[in-house]
Amino acid sequence: MRFFVRTLGCKVNWLDSARISAALCSAGHQAVSDEAEAEVVVVNSCAVTAEAERKSRQHVNAAARAGRRVAVIGCGPRVDGERWHQRGDTALVFASEERLLAHFGARPVANPVAPGTRTRLPLAVQGGCDDRCAFCVTRIARGSHHSQPLAAVVEQARRAAELGVREIVLTGINLAAWGCENTRQPGAARLGELIAALLRQTPIPRIRLSSLGPQYLNDAFFDAFADPRVCDHLHLSAQSGSAAVLERMRRGHGVEEIRRAARRVRARRPHAGLAADLIAGFPGEREHDFAATEALVEEIAFAKLHVFPFSPRQGTAAALLSDQLPVAVRKARAARLRRQGERLRRAFAAGQFGREVVVLAERNGTGLSGNYLRLRVPGASEGELRTVSVSKASLVAD
């Protein structure tokens, strides 16, 4: 059969899709790059917010209306399998990759993620989470925390380097907790040890990190982060700048841990780009709580914000709280944070003007610096690491 995989959500979902695609191809099926050419559309769904789940269902409906057979996998069926299985008239719904592959006569394959580019490759080194954040359905969808063995990660990175990959992106559901027995033991985190091993034992030119919980970042992490082969970009899963809201969220960290992480990063890497995930309009968030978030964002001068209006998810503690804010208030606060983030993003870029940075060139004539500026690299080959002067002319607006 000819199949197309539609992926929504995080980098972990993208890696799951790559595994599925590799296994189906190994069984003799043909992957196509255009959904219109497919006989079967696999929708790898996301359920992190109500909007993400709505988009997942929208893609399922569109493919079904176009006459395609549709198979659904991912966090949607894991979180709310009963509701998804009610769609039996439009889609086949699978609770696991193994069941989907078995349905199509395929089996998981060894080393399934083969890089198709000389730029970057995500590596899932951690999965699941044992935290009890009040708003999060991910632990329901992804199960308990587990870390990939250090030797296995090193071997994957070596193989990626042999295939020409220039940058690996370490990712996970709670990446910073790598090495903990469970994610509620932040003092046992060993992500710094993993990064140090990759630096010692592999020739990968660049290592990038996806989102990190600030409470897990210890001395060993910052020692490893100081190495110039580690991209000077730190994405913090902050969620709020209000101590009261963070406590209600059951985040396991306070505001000071966010500040401390920012200070320690800039002490080692002064030009680092700092990013943050933020939720606007959590239940009980008063105007002064939201103002505290705006103040923290300004104080730290985040270079990029990922902002989400609070979305109550079935099965989470936050969905049962009585002091839900009106949707309009949530959306308005999210819009305010996004505008603030756009202004700070422009200020960060302007502050880099005149610096020379190393950019990893992509196919479209642009590439990313270590601190996550997209810059023009005319004439560069894909996968080339080129030194570029940051300027108005070289900067590509987000």
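Run a plain Debye calculation on the range 303-376 (Cα atoms as equal point scatterers, no solvent) and give log10 I(q)/I(0) at q = 0.13, 0.17, 0.22 Å⁻¹, rounded to two decimals, same order as the q list. So the normalised log intensities work out to -0.61, -0.77, -0.97. Ordered from highest to lowest accessible area with the whole protein assembly present and a 1.4 Å probe, R330, R107, R248 read as R107, R248, R330. In the range 344-398, the inverse of the mean reciprocal separation of distinct Cα atoms equals 10.9 Å; this is its Kirkwood hydrodynamic radius.
Scalar couplings 3J(HN,Hα) for the range 304-309, obtained by applying the Karplus form with A = 6.51, B = -1.76, C = 1.60 to θ = phi - 60°, are 7, 10, 10, 10, 10, x Hz; x denotes Gly and Pro.
For the chain, the fraction of 1.4 Å probe accessible surface lying on carbon and sulfur atoms is 50 percent. Overall dimensions of the range 55-111, expressed as equivalent-ellipsoid semi-axes from the Cα gyration tensor (√(5λ), whole Å, largest first), are 20, 14, 10.
Provide the percentage of antiparallel DSSP beta bridges, counting only those with both residues in the range 47-202; round to the nearest 5.
Here the antiparallel bridges make up roughly 20 percent for the range 47-202.
The alpha-carbon positions of the range 104-224 define a convex hull whose volume is 124 Å³ per residue.
Where the convex hull is taken over the Cα atoms of the range 214-268, what is its projected area averaged over directions, in nm²?
Dividing the Cα hull surface by four gives the mean projection, 3.6 nm².
Taking the alpha carbon gyration tensor of the range 243-288, multiplying each eigenvalue by 5 and rooting it gives semi-axes of 25, 11, 8 Å, largest first. Relative to its Kirkwood radius, the Cα radius of gyration of the range 28-78 gives an Rg/Rh of 1.00. The spacing between the range 253-269 and the range 177-202, judged by their C-alpha centroids, is 18 Å. One chain, two ends: M1 and R229. Fully extended at 0.36 nm per residue, the span grows by 77.8 nm beyond their Cα-Cα distance. Nearest 5 percent is fine: what portion of the DSSP beta bridges confined to the chain is antiparallel? Once the DSSP bridges in the chain are tallied, antiparallel ones form about 25 percent. Phi angles across the range 320-332 convert, under the Karplus curve 6.51 cos²θ - 1.76 cosθ + 1.60 with θ = phi - 60°, into 3J(HN,Hα) values of 9, 5, 7, 9, 5, 8, x, 4, 4, 5, 4, 5, 5 Hz, Gly and Pro given as x. Only Cα sites of the chain enter the Debye sum here, all with the same form factor; the resulting log10 I(q)/I(0) across q = 0.08 1/Å is -0.44, listed in q order. Computed from the alpha carbon positions, the gyration tensor of the range 22-163 leads to an equivalent ellipsoid with semi-axes of 27, 23, 14 Å, biggest first. Which of rounded, prolate or oblate describes the range 123-170 when judged by the alpha-carbon gyration tensor and an a/c cut-off of 1.5? Judged from the Cα gyration tensor, the range 123-170 comes out prolate (a/c at least 1.5, a/b above b/c). Accessible surface computed residue by residue for the chain, with neighbouring protein chains in place and a 1.4 Å probe, gives 44 Å² per residue. Per residue, the convex hull around the alpha carbon atoms of the range 263-360 comes to 134 Å³. Helical runs assigned H by DSSP (4 residues or longer) give the chain a calculated mean residue ellipticity at 222 nm of -11000 deg cm²/dmol, each run adding -39500 (n - 2.57) before division by the residue total. Quick one: how many lysine pairs does the chain have with C-alpha atoms less than 23 Å apart and a gap of 8 or more or different chains? Give me the count, please. Counting lysine pairs in the chain gives 5.
Along its principal axes, the range 163-238 has C-alpha extents of 37, 22, 22 angstrom, given from the largest down.
Our coupling estimate for the range 288-303, obtained by passing each phi through the Karplus curve with A = 6.51, B = -1.76, C = 1.60 and θ = phi - 60°, is 6, 5, 5, 4, 5, 5, 4, 5, 5, 4, 5, 4, 7, 6, 4, 7 Hz, Gly and Pro reported as x. Would you mind getting me the FRET efficiency between L320 and R19? Use the beta-carbon distance for r and R0 = 45 Å, nearest 0.05. In this case the efficiency is close to 0.80.
The values are calculated or read from the model by the stated rules, or taken from the named source; none is laboratory data. Just so we're clear, the structure is a prediction, and the values are computed from it rather than from any experiment. Virtual Cβ from ideal backbone geometry, glycine too; neighbours counted across all protein chains shown. Ligands, DNA and RNA are excluded from the accessible area calculation, which covers all protein heavy atoms including side chains. Shrake-Rupley method; radii C 1.70, N 1.55, O 1.52, S 1.80 Å.
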